[in-house]
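Before any comments, here is the structure.
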Amino acid sequence: MRRPTGIGLIALLATAFLAPGSMCAFGATDPAAGCDFSFVMGTTSYAVPNLALPRKGVIFADPTFHTYLVRVTDKAIDGYLGPGIENEYAKADPENSDGTLLILRGNAGAWYLYNPFTYRKLRRLSAFDACGQEPEPRWDREDRSVFFYLCNARLRRYDTDTGRSTAVHDFAADVAGAAYVTTGSEGDASLDRQYWCFMVKDAKWRLLSVLVYDRAANRVVGQKRTGFPDSLNWVGMDTSGTHCVVGYDSLSYTQVFSRNFRTRLNLPAGSNAHGDVALTRDGRDVFVYQNNATDYIAMADLVTGAETPLVRIPFQVNVDIGLHISGNAAATPGWALMSTFGSKRPPAG
């Protein structure tokens, strides 16, 4: 879906949500409404504030960055399965097209629908129970009530208003022996939800092919069965739907293929780390990633492969820096979000 909303959740834990607009009514984002919010910019280091764990539904202001936060989930109240609950991954938007619904995953593997404004757990998504895999739900770009998900060898559509699930396409008709389709839980469709890139697996989860599916035409428009240089970790479409991006288990670089797999591009060495597709300010498709070879946050153009180093990762200060990257803000091109974690006992200073 790759667009920002008034609610952000691109982090490992799903207990707090961010809403812009300090010194304003909660949820206000328009400067004309009298908000005096301004971003805290620069490289100054700030101490973590000593705050108690908030109660569910209680809005509070972060004393350092002046944003409002609210805890949405609480196991004691919500009764979800497992020890915790979270968004699926940094690359996938948990919120629907207008930010009025959330999909969250309990650590035991059950999925739930939440209302982010009342903080209520609405229902468990039991439609996923028939699927022998992670469902990888992806919201429709336009219809607030619809998301798509994977169930065995099928792409399915779920309507949250009716609770009805319907089949969109069965890939067993395209690939003999197909039992599952997946992105590896790290891929997404194109912004308009027309093009999808999937790994097709057999009943023993062995790779049969990688394909690109055109939902508007309801057909496979490209497929590659052999010739991959390493075992695959994940696949996904870029924002425009022009390329299928392939990440590998051990290979040092990420590969980019055209929709029909007739052209291939190797991104720079070190690009096969945490990363996400994004749009530049002038609308080009790029991959933004942690370059493991140079220790930079970098981006590579998906047409030319040219790399631009963006920010050096300060491993000389602290070797325990974990990163996730999200390029979902296509409505504000030129931005990517880096979430950092790790180092429970950081270096002094």
Once the dipole of segment 215-349 is set up from charges on Cβ (+1 Lys and Arg, -1 Asp and Glu), the residue from the list ALA273, ILE313, THR263 lying farthest towards its positive end is THR263
Quotient of C-alpha Rg and 2.2 N^0.38 Å, computed over segment 219-258
1.18
Students often get this wrong, so check it: of LYS201/LYS224; LYS56/LYS91; LYS121/LYS201, which have C-alpha atoms separated by over 24 Å?
LYS56/LYS91; LYS121/LYS201
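Give a quick list of chymotrypsin sites (Phe, Trp or Tyr not before Pro) in segment 134-235 that DSSP marks as loop, anything other than H, G, I, E or B, with at most 15 other Cβ atoms within 10 Å.
Taking segment 134-235 and a limit of 15 other Cβ atoms within 10 Å, the loop chymotrypsin sites (Phe, Trp or Tyr not before Pro) found are TRP205.
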Compute the distribution of all C-alpha to C-alpha distances in segment 255-349, in bins of 10 Å from 0, and list the percent of pairs in each, rounded to whole numbers.
16, 44, 29, 10, 2, 0
Not counting ligands, DNA or RNA, and with a 1.4 Å probe, what is VAL168's accessible surface area in Å² rounded to the nearest 10?
40 Å²
With charges set only on the Cβ (+1 for Lys and Arg, -1 for Asp and Glu), what does the dipole of the chain come to about its Cα centre, in debye to the nearest 20?
640 debye
Using 0.36 nm per residue, how much length does the chain from ALA216 to ARG55 gain when fully extended, once their Cα-Cα distance is taken away?
53.5 nm
Could you please state how large a percent of the accessible area of segment 252-344 is carbon and sulfur, counting protein chains only and using a 1.4 Å probe?
54 percent
Candidates per chymotrypsin sites (Phe, Trp or Tyr not before Pro) in segment 254-324, loop by DSSP, up to 11 other Cβ within 10 Å:
PHE315
Residue-span extension gain [ILE77 to ASP62] - 0.36 nm each, minus C-alpha spacing:
3.0 nm
What share of all Cα pairs of segment 55-94, in percent, falls into each consecutive 10 Å distance bin?
24, 37, 36, 2
Given the options MET41, THR239, GLY283, identify the residue whose Cα lies farthest towards the positive end of the charge dipole of the chain (+1 on Cβ of Lys, Arg; -1 on Cβ of Asp, Glu).
THR239
Test of the criteria: in segment 267-335, which trypsin sites (Lys or Arg not before Pro) are in a DSSP loop and have at most 11 other Cβ atoms within 10 angstrom of their Cβ?
ARG281
For the chain, with every protein chain kept in place, what is the accessible area per residue (1.4 Å probe, Å²)?
47 Å²
Just from its helices, what would the mean residue ellipticity at 222 nm be for the chain, if runs of 4 or more DSSP H residues each count -39500 (n - 2.57) and the sum is divided by every residue, rounded to the nearest 500 deg cm²/dmol?
0 deg cm²/dmol
On the full set of protein chains, 1.4 Å probe, figure out the accessible area of ASP192 and give it in Å² to the nearest 10.
70 Å²
Let me test this: with uniform point scatterers at the alpha carbons of the chain, what is the Debye-based log₁₀ I(q)/I(0) at q = 0.14, 0.16 1/Å?
-1.26, -1.55
In segment 162-209, what is the volume of the convex hull around the alpha carbon atoms, normalised per residue and reported in Å³?
115 Å³
Treating each Cα of segment 93-242 as an identical point scatterer and ignoring solvent, apply the Debye formula and state log10 I(q)/I(0) at q = 0.09, 0.13, 0.20 Å⁻¹.
-0.28, -0.58, -1.30
From the protein chains alone at 1.4 Å, what is the descending order of accessible area for MET338, MET41, MET237, largest first?
MET41, MET338, MET237
Please work out the FRET efficiency for the pair LEU122 and VAL303, using the Cβ-Cβ distance as r and a Förster radius of 51 Å; give the result to the nearest 0.05.
0.75
Per-residue accessible area for HIS324 at 1.4 Å probe radius, Å² rounded to 10?
20 Å²
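The values are calculated or read from the model by the stated rules, or taken from the named source; none is laboratory data. Predicted model, so just to flag it, every value in this text is computed and none were measured. Note that we place each Cβ from the backbone using ideal geometry, even for glycine, and neighbour counts take in every protein chain shown. The area values use the complete protein model at the heavy-atom level, side chains included, leaving out ligands, DNA and RNA. Shrake-Rupley method; radii C 1.70, N 1.55, O 1.52, S 1.80 Å.
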